[in-house]
Amino acid sequence: MTDRSVLVSGGGVAGATVAYWLARAGWSVTIVERADGTRSSGNPVDVRGEAVAIARQMGIWPRLEEAATGVNRLTFVDADGRPRASIRTHKPGDHHEEVELARNELVDLLLDKARESTLIIPHDSITVLHEDSGGIDVEFERTPSRRFDLMIGADGVHSTVRRLAFGPEEHFSRPFGMFVGTVQAPLQIEDPLTVLMYNEPGTSLSIHPAGGKPGFAFIFRGQHNFDYRDPEHGRRLVESTYASGGWLTTLALKAWGASDDRYFDEVTRVDVPQWSAGRVVLLGDAASCISLFGDGSSSAIVGAQTLADAITAYPDNHTAAFAHYQQKHRKHIRPLRRGAGISSRLLVPKTRAGIILRNGVLNTLPFRNKQQTVPPSSGT
Ligand SMILES: Cc1cc2nc3c(=O)[nH]c(=O)nc-3n(C[C@H](O)[C@H](O)[C@H](O)COP(=O)(O)OP(=O)(O)OC[C@H]3O[C@@H](n4cnc5c(N)ncnc54)[C@H](O)[C@@H]3O)c2cc1C
């Protein structure tokens, strides 16, 4: 089957995983990745549930365990840094069910596996897609045009493939009413296993130990007309929102202002009704997500294997393959999307009464020291 070719746009979690599985099945796979290799976000993400078995099949699970942050607790503090409530986020020492690790390390490990059998074009992007009955012609910003049998859009929440093949971003994206900014924290952490979080109404500031490379996360509510292509706007939004905060806010804002390696985006719901159009199919955040709250990395891994299996099962019928993938993976992500509202209310209560109520409830719950029921999210 080596005459079958597929182009994957985006060498992130979803793109690297689908490339690995398709190459194993005999496809000729090319990844085009816009980044030039210096991945910025070391924010923690989880690999859990069905994604664990897939990581084991790929032979990377021991490496994920080595890279795990080991963090297992979230403690809510007041403006003076005193603990007010606490909750377990992972079972201590239990790496067999899930790991939390830096996003960039996860992507590097997945890409290393994919690289064994995949051509990776770094620092480039597709610009034009033209499909006919026999294939799809692709133009790039830098690389000469090429023709492929199939195209996978795994290029994240602001997907270029989706824009070119399905329509403008605003047709498929809705603001969740929250924003997230992260930056490295120039601090020594006393407890490497605990995330500390401080809330004001509608905002949270947290510090994650992240295995010795601690990071601040600003997660806040708001309705702003934000354009992700304008990083300065993100910088200013954090500075104005947190101007009067307590705890480590002054230090965090100083780090935020001084860094040239910030992550900032609007938390976004992406919902594309049909994940495929002709020979083009969407995967990961490009197809469906509530960024930050939807367990995006694990479901990107699961979706990637489901898509690769479907393409392999229907090698001569991409329409049937894509329909099978969509039907199966939609069932997988439906419950994850429901959890987003609960997580956001727990982490960023809207009012001071909400903060007090949350802390009070956590302090009375008999299971507060056992595995928590609300999934933690990146940057927390
Ligand atoms: C730099 C970065 C930092 C992130 N930090 C966080 C975070 O702190 N918290 C959080 O919840 N989520 C974060 N995410 C998103 C998170 O990684 C995803 O929700 C999750 O891993 C799902 O994976 P995905 O592969 O669908 O998308 P992503 O992991 O977003 O991967 C998409 C990939 O496509 C690439 N890409 C984008 N456009 C193009 C293009 N036109 N051509 C080629 N390649 C393209 C990107 O560089 C990226 O490598 C981050 C994503 C990126 C890219």
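Only the coordinates and a few stated rules stand behind these numbers; no lab work does. None of these values were measured; they are calculated from a predicted model. Ideal geometry is used to build each Cβ from the backbone, glycine not excepted, and the neighbour counts take in all protein chains shown.
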Determine the calculated [θ] at 222 nm for the chain from helices alone, applying -39500 (n - 2.57) to every DSSP H run no shorter than 4 residues and normalising by the residue count; nearest 500 deg cm²/dmol.
-10500 deg cm²/dmol
Potential extension, T312-Q223 segment - 0.36 nm per residue separation minus Cα distance
27.7 nm
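What helices in the chain pass both tests, a Cα length along the helix axis of 30 Å or more and a mean Kyte hydropathy of 0.0 or higher, using whole DSSP H runs?
Taking the DSSP H segments of the chain (at least 30 Å long, mean hydropathy at least 0.0), we get none.
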Kindly put L187, L292 in sequence by how many other C-beta atoms sit within 10 Å of each C-beta, fewest to most.
L187, L292
Going fewest to most other Cβ atoms within 10 Å around each Cβ, T17, T182, T194 line up as T194, T182, T17
√(5λ) per eigenvalue of the Cα gyration tensor, the chain, largest first, Å:
37, 22, 19
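If we count GluC sites (Glu not before Pro) as exposed when they sit in a DSSP loop and have at most 16 other beta carbons within 10 Å, what is the longest stretch of the chain that avoids them all?
Details: sites that count: E97, E116, E141, E190.
That would be 191-380.
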Qualifying aspartates and glutamates (Cα of each under 19 Å from Cα of K213; at least 8 residues distant if same chain):
D46, E65, E66, E100, E105, D108, E190, D191, D260, D261
For G11, list long-range residues whose amide hydrogen, built 1.01 Å from N in the peptide plane, is under 5 Å from its own amide hydrogen.
R34
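Specify the longest stretch of the chain that does not include any exposed loop site, a site being one of the trypsin sites (Lys or Arg not before Pro) with a non-H, G, I, E, B DSSP assignment and at most 15 other Cβ atoms within 10 Å.
1-141
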Filtered hits (aspartates and glutamates, Cα-Cα < 18 Å from K331, offset >= 8 within chain) -> E50, D271, D285, D295, D309
Of all DSSP beta bridges located in the chain, what percent are antiparallel, nearest 5?
70
Could you line up Y242, Y20 from fewest to most neighbouring Cβ atoms inside 10 Å?
Y242, Y20
